[in-house]
Amino acid sequence: MTVLVPRSLLAFERAAVDALTDDLDRGDRARVMAYVDGALAAMPEHIRAGVAVESLALGAWTRVTALAHWGRTASVDAEFLDRLDRSPVGPLRQHARLLRSLTLFARHEIAGDEAGA
Amino acid sequence: MTTLDTEVLVIGSGAGGATTAAVLTRAGRQVRVVEEGPAVAPGSVEPFSLEEMVAKYRHRGGSAALGAPPIAYAEGRCVGGSTEINSGLWHRLPAAMAEQWRRAHHIDEFTPEVLDRCADWAEREVTVSCVPDAPPRSSAVLADGAQRLGWHAVEVPRVVRYEQDGAAKQTMAATLLPRAVAAGAEILADCRVDRLVRRGRVVVAAECRRTDGTGERLTIRADQFVVCGGAIQSPALLQRSGIRRRIGTGLKVHPTIKVAARFPFALDHGDVPMHRITEFTPDLALGGSANRRGQVALALADASPEAATAMADWQGIGVYYAAIRSEGSGRVLALPGLAAPVVTYRLTEADMSRLARGLVHLGEALLAAGAVELHPSVIGGRVVHRAGDLVDWWPAVTRARANLMTVHLTSSIGMGEDARAGTDSFGAVRGFDNLRVNDASLLPDAPGINPQATIMAIAVRNAEQALSSW
């Protein structure tokens with residue numbers, strides 16, 4: 001038995017990192033994205049698999065809610081991630097916190113003063 | 001497939017493995033050390049930086065013990081093991097604790113005198129010293145806060161050599177390993193041991209795979225095998241090799257909860273504080289963490305509404321912790337198909353209460369030292385500006401909201417003559433004639449202090465005993 005894990009960021013994860021770095025320039029943003037990609041890929045397989053399942057479910061959820069509201073596009077923005085942070089469901093909170101932590105650490109280490117507050 | 005032969009194969013190059021290799025090579029034994037991670041030249045990457053996480057940390061620091069709450073943990077994965085990434089604080093095992101362990105776990109020849117002699121050896125090998133001048137401000141605030149409250153605090157010596165042009169951490173890659181090589185040892189980096197091959201009571205070989213991108217397979221045959229992969233990797237390797245009895249249970253950690261404290265003055269950010277508040281030890285210790293910009297941002301993130309504002313003044317912010325001795329325990333479980341073991345940890349209600357108490361005491365000390373704003377690592381935790389508000393932290397430290405981590409992992413195999421231990425009193429695995437463990441997994445319990453000195457002292461003792469019995 002081998003646990004299959006994604007080799008690169010899933011769409012939801014990419015969108016989340018984008019949302020948390022939309023104030024950075026293109027180069028820093030790409031470096032942060034690459035760091036988060038590498039960090040998720042390096043995780044123990046069982047943890048990465050759990051994160052990936054949640055990412056797929058959240059990605060599907062954002063699409064379904066967008067379809068249910070004509071005229072709205074599926075969006076993963078800072079507000080959405082804040083809502084996940086406050087979710088009563090533990091794994092969702094931990095998922096949001098993981099993506100936020102990896103992104104925060106990388107943006108402040110990579111972008112320095114440009115990382116802002 | 002390449003086949004290598006050696007007299008003693010040491011698996012892992014951290015505090016246990018490097019010490020074992022040094023003792024054995026000096027006694028004239030032919031030793032080969034295998035390390036899963038790469039060799040990283042001492043001083044070539046900045047401590048606690050993103051680059052260091054990539055180069056030296058297992059899973060780039062992204063490991064966690066599953067449980068409620070999960071506990072993030074860090075292990076080194078490079079030549080020198082976790083000594084390359086830790087703070088280097090050096091505490092000898094208190095005599096009273098050694099006595100307690102000896103009695104409770106029936107460990108032969110585990111007296112304070114023996115351990116002190118072995119610790120003397122280790123201290124001669126790795127320079128242990130205090131800062132020669134005034135301590136950095138991020139550290140001094142701990143002593144200052146404790147003094148104002150009438151609490152006891154100490155500067156903990158570190159495995160650091162202070163020189164005119166700076167401080168050089170005396171890791172295993174900088175000290176014992178090169179000396180072992182000079183005495184004849186060989187170190188094979190980028191080499192993971194997948195499993196041990198057994199024939200009855202004897203281990204005959206280690207099946208290995210290069211992790212340098214080539215994927216080359218190696219078989220290393222040896223007369224003696226010493227597993228020194230640390231409290232997670234050692235039991236995982238034994239389990240992958242079909243050795244499971246009493247292996248991987250009883251894992252202990254020091255669960256740690258943090259506070260980001262803003263002071264009305266700039267702090268240093270290049271190193272870790274060396275002071276510790278010891279008023280509540282061994283059950284609870286208060287100290288300081290790495291506080292580079294990235295770590296400050298992380299520590300602020302849990303009290304999210306005010307984090308962005310606080311980060312604007314990040315140079316005045318330090319990251320501090322309360323670490324407890326835990327009543328709870330965990331397991332390490334190697335499962336087929338997974339390269340990494342599943343690690344679980346169960347905190348008791350008393351542990352959660354102790355963490356809350358630690359957080360409040362840490363807040364008291366930091367406010368007494370002049371901090372003007374405290375952000376706890378508790379999701380949605382109240383940002384505190386005065387001591388009277390710390391009471392709000394007590395009910396906030398729940399399983400759902402506390403954000404915990406640890407860098408001290410021990411006791412997943414255990415040693416002694418009682419039924420719970422996976423090895424005898426000197427690390428010999430039960431049921432085998434030539435297989436030993438010699439690392440943090442042997443400690444009977446979490447010591448409540450940084451464990452490197454204890455791991456090294458026990459490794460010296462066990463290596464000497466092995467020499468006398470081979």
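The values are calculated or read from the model by the stated rules, or taken from the named source; none is laboratory data. Since the model is a prediction, treat every value here as computed from it, not as a measurement. Cβ placement follows ideal geometry from the backbone for every residue including glycine, while neighbour counts extend to all protein chains displayed. To get the accessible areas, we keep the full protein, side chains included, count just its heavy atoms, and leave off ligands, DNA and RNA. Shrake-Rupley method; radii C 1.70, N 1.55, O 1.52, S 1.80 Å.
Peptide B:53-65 is shielded by partner chain Cβ atoms: per residue, an average of 4 of them sit within 10 Å of its Cβ.
Among DSSP beta bridges lying fully in chain B, give the percent that are antiparallel, nearest 5. Walk me through the numbers on the way to the answer.
Numbers: 57 of 81 bridges.
Bridges in chain B that DSSP calls antiparallel: roughly 70 percent.
Per-residue Karplus couplings for segment B:201-206, computed as 6.51 cos²θ - 1.76 cosθ + 1.60 with θ equal to phi - 60°, are listed in order as 8, 10, 8, 9, 7, 10 Hz, Gly and Pro entered as x. Protection proxy ranking, highest mean first, for peptides B:107-114, B:271-278, A:89-96, B:189-196: B:271-278, B:189-196, A:89-96, B:107-114, where packing is the per-residue count of other beta-carbon atoms within 10 Å, averaged. Helix B:15-26 and the longest principal axis of the C-alpha atoms of chain B enclose an angle of approximately 40°.
Can you give me the Cα centroid spacing of segment B:92-144 and segment B:231-249 in angstrom? Spelled out, the Cα-based centre of one part sits 28 Å from the other. Just name one of B:LEU93, B:PRO42, B:ALA64: the one whose Cα is farthest towards the positive end of the charge dipole of segment B:39-132 (beta-carbon charges, Lys/Arg +1, Asp/Glu -1). Checked the options; the winner is B:ALA64. Within 10 Å of the Cβ of each residue in B:330-340, the mean number of Cβ atoms contributed by other protein chains is 3. Between B:PHE265 and A:ARG63, what FRET efficiency comes out of the Förster formula 1/(1 + (r/R0)^6) with R0 = 41 Å and r the beta carbon distance, rounded to 0.05? According to the calculation, E is roughly 0.25. Listed by chain and number, the aspartates and glutamates whose C-alpha is less than 15 Å from the C-alpha of B:LYS252, apart from same-chain residues fewer than 8 away, are B:GLU75, B:ASP283, B:GLU327, B:ASP351, B:ASP439, B:ASP445. Chains A and B together bury roughly 2500 Å² of accessible surface, counting both sides and using a 1.4 Å probe on protein heavy atoms.
In plain terms, if you count all Cα to Cα distances in segment A:11-115 and split them into 5 Å steps from zero, the share in each step is 2, 12, 22, 24, 19, 13, 6, 2, 0 percent.
By DSSP, the beta bridges lying fully in the protein assembly as shown are antiparallel in about 70 percent of cases. Helical runs (DSSP H, four residues minimum) scored at -39500 (n - 2.57) apiece and divided by the length of chain B put the mean residue ellipticity at 222 nm at -8500 deg cm²/dmol.
Each of B:GLU51 and B:SER468 was given a label point 7 Å from its Cα along the Cα-to-Cβ line. The distance between the two points is 4.7 nm.
Distance between the 7 Å Cα→Cβ label points at B:ALA96 and B:CYS130: 2.2 nm. Ordering B:TYR162, B:TYR57 by accessible surface, largest first, gives B:TYR162, B:TYR57; the 1.4 Å probe counts only protein heavy atoms, with every chain in place. Within the accessible area of segment B:322-420, the carbon and sulfur atoms contribute 57%, probe 1.4 Å, all protein chains present. For the protein assembly as shown, the per residue solvent-accessible surface stands at 39 Å², with DNA, RNA and ligands left out and a 1.4 Å probe.
When nucleic acids and ligands are ignored and a 1.4 Å probe is applied, B:ARG221 ends up with an accessible area of around 110 Å². With viscosity 1.567 mPa s and temperature 4 °C, the Kirkwood radius over alpha carbon pairs of segment B:292-431 converts through Stokes-Einstein to a diffusion coefficient of 74 µm²/s.
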